[in-house]
Amino acid sequence: MNALLYGLVVVIWGTTWIAIFLQQGSVAAPVSIFWRFAVASATIMLVLLALKRLRKLALRDHLFCVVQGCCVFCFNFWCFYTAASWINTGLESVIFSMAVLYNAINSFMFFGQRPPTRFWTAAGLGLLGIITLFWDDLLNSGWRPELLWGIGLSALGTYGFSLGNMISLRHQRNGLETMTTNAWAMLYGTLVMGAIAVIRGDNFMPEWTVSYIGALLYLALFGSVIAFGAYFTLVGRIGAGKAAYSTLLFPIVALSISTVYEGYVWHMNAVMGLLLILTGNMVMFAKPETWFKRLRTA
């Protein structure tokens with residue numbers, strides 16, 4: 001079962017980045033995010049109600065779901081969608097792979113799980129990899145502020161995602177069902193994003209094109225309902241750190257697709273940067289052969 005969940009996360013999230021690219025255009029980012037999670041949360045709620053699996057939550061748990069929704073289904077995606085206007089979405093996915101390191105830091109901050117000594121090596125490799133990956137772009141753009149904002153927003157969005165991981169882990173440690181907390185968190189994130197769009201005065205009309213609507217449905221049903229459910233289930237089964245290992249592989253999928261559809265051009269610094277980041281992530285996992293053995297265990 002773990003291997004199936006892991007495979008779903010890698011394949012689906014590796015392809016959602018190009019869908020975000022397809023939604024770039026006349027529709028404001030908060031509106032695109034609102035419709036994505038409005039469809040997703042409505043789908044999850046209806047399915048859970050039909051199956052009678054929507055569990056009751058205490059007020060305190062609902063409040064945690066609100067925070068989780070803001071971290072995972074709202075502000076972090078606002079960062080990603082905005083950054084996609086300035087940097088390649090495949091590169092965004094590489095920055096997102098740093099969730100492995102963020103999870104190690106946050107697990108220590110919130111649960112007292114001290115990161116292993118190898119964390120510092122992994123963090124150093126990751127930071128060096130990010131600099132190397134974007135070095136040519138930074139030089140060619142003359143350190144253009146938009147590029148720096150794109151990198152910074154992607155990193156900030158990734159940290160928000162990591163905070164959501166911690167809340168999901170808190171839910172599961174308290175015996176709460178993943179799909180129920182996920183459904184409420186997604187609904188709350190949708191409402192907050194909708195309120196932001198209203199305050200900004202955004203037009204809620206989506207773009208009625210095949211590419212936009214197709215991307216919206218794919219992001220809502222596959223990227224949100226299926227992938228997030230699989231991921232947070234993994235968090236509960238094998239821990240936030242090991243679940244985030246999936247972020248090691250899907251950037252390769254995302255960059256491969258981006259090369260074809262966004263015209264991403266590989267250069268030596270990009271290859272070296274990607275290898276440094278992936279190596280840093282791998283360093284976080286001692287005895288990987290033991291972990292993969294666990295992964296295959298249902």
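The values are calculated or read from the model by the stated rules, or taken from the named source; none is laboratory data. Just so we're clear, the structure is a prediction, and the values are computed from it rather than from any experiment. Glycine gets a Cβ as well: all are built from the backbone with ideal geometry, and neighbour counts include every protein chain shown. When the accessible area is computed, the model is the full protein with side chains, heavy atoms only, and any ligands, DNA or RNA have been set aside. Shrake-Rupley method; radii C 1.70, N 1.55, O 1.52, S 1.80 Å.
Just to verify a result, which residue in segment 164-178, among those that are closer than 18 Å to Ala227 by Cβ and among the hydrophobic types (A, V, I, L, M, F, W, C), is modelled with the highest pLDDT? So the residue we want is Ile167.
Does Thr132 satisfy being open to solvent by less than 30 Å² (accessible area, probe 1.4 Å), β-branched (Val, Ile, Thr) and either at pLDDT 90 or above or not in a helix (DSSP H, G or I) (or both)? For Thr132, the condition - open to solvent by less than 30 Å² (accessible area, probe 1.4 Å), β-branched (Val, Ile, Thr) and either at pLDDT 90 or above or not in a helix (DSSP H, G or I) (or both) - is not met.
Among the residues of segment 101-129, those identified as surrounded by 14 or more Cβ atoms within 10 Å (Cβ to Cβ) and not in a helix (DSSP H, G or I) are Gln113, Pro115, Pro116.
When the criteria are applied in full, Leu46 meets the requirement of being without any contact (Cβ under 8 Å) to a residue 60 or more places away in the chain and open to solvent by 20 Å² or more (accessible area, probe 1.4 Å). The set of residues in segment 6-28 that are open to solvent by 10 Å² or more (accessible area, probe 1.4 Å) and either over 22 Å from Leu255 (Cα atoms) or part of a loop (DSSP other than H, G, I, E, B) (or both) comprises Gln24, Gly25, Ser26, Val27, Ala28.
Look at (1) over 18 Å from Ser224 (Cα atoms); (2) crowded, with 24+ Cβ neighbours inside 10 Å and you find that Phe64 fails only one, number (2).
Considering Ile20, Ile12, Ile44, the condition of being touching a helix residue (DSSP H, G or I) at 6+ places or on another chain (Cβ under 9 Å) and more than 14 Å from Leu221 (Cβ to Cβ) is satisfied by Ile20 alone. Being closer than 30 Å to Tyr264 by Cα, at pLDDT 95 or above and touching a Ser or Thr at 6+ places or on another chain (Cβ under 6 Å) is a property that does not hold for Phe21. For segment 135-145, the set of residues classified as open to solvent by 70 Å² or more (accessible area, probe 1.4 Å) and assigned to a helix (DSSP H, G or I) consists of Trp135, Leu139, Asn140, Pro145, listed by residue number. Looking only at residues of segment 148-188 that are hydroxyl-bearing (Ser, Thr, Tyr) and buried (at least 21 other Cβ atoms within 10 Å of the Cβ), we find that the one that is nearest to Ile238 (Cα to Cα) is Ser168. Among the numbered conditions (1) touching a Ser or Thr at 6+ places or on another chain (Cβ under 6 Å); (2) of a type in the set (A, V, I, L, M); (3) modelled with pLDDT of 90 or more; (4) open to solvent by 10 Å² or more (accessible area, probe 1.4 Å), the only one that Met98 does not meet is (3). Could you go through segment 224-234 and let me know if any residue there is within 13 Å of Val39 (Cα to Cα), at pLDDT below 95 and touching a helix residue (DSSP H, G or I) at 6+ places or on another chain (Cβ under 6 Å). The answer is yes; a qualifying residue exists. On the stretch given as segment 183-230, residues that are part of a helix (DSSP H, G or I) and either touching a Cys at 6+ places or on another chain (Cβ under 7 Å) or aliphatic (A, V, I, L, M) (or both) total 27. Among residues of segment 67-85 that are touching a residue at least 40 places away in the same chain (Cβ under 8 Å), those with a beta-carbon under 7 Å from a residue that is open to solvent by 10 Å² or more (accessible area, probe 1.4 Å) and part of a loop (DSSP other than H, G, I, E, B) at least six positions away or on a different chain give the pairs Ala84/Gln24; Ser85/Gln24.
The requirement of being within 27 Å of Ile130 (Cβ to Cβ) and open to solvent by 30 Å² or more (accessible area, probe 1.4 Å) is fulfilled nowhere in segment 206-213; no residue meets it.
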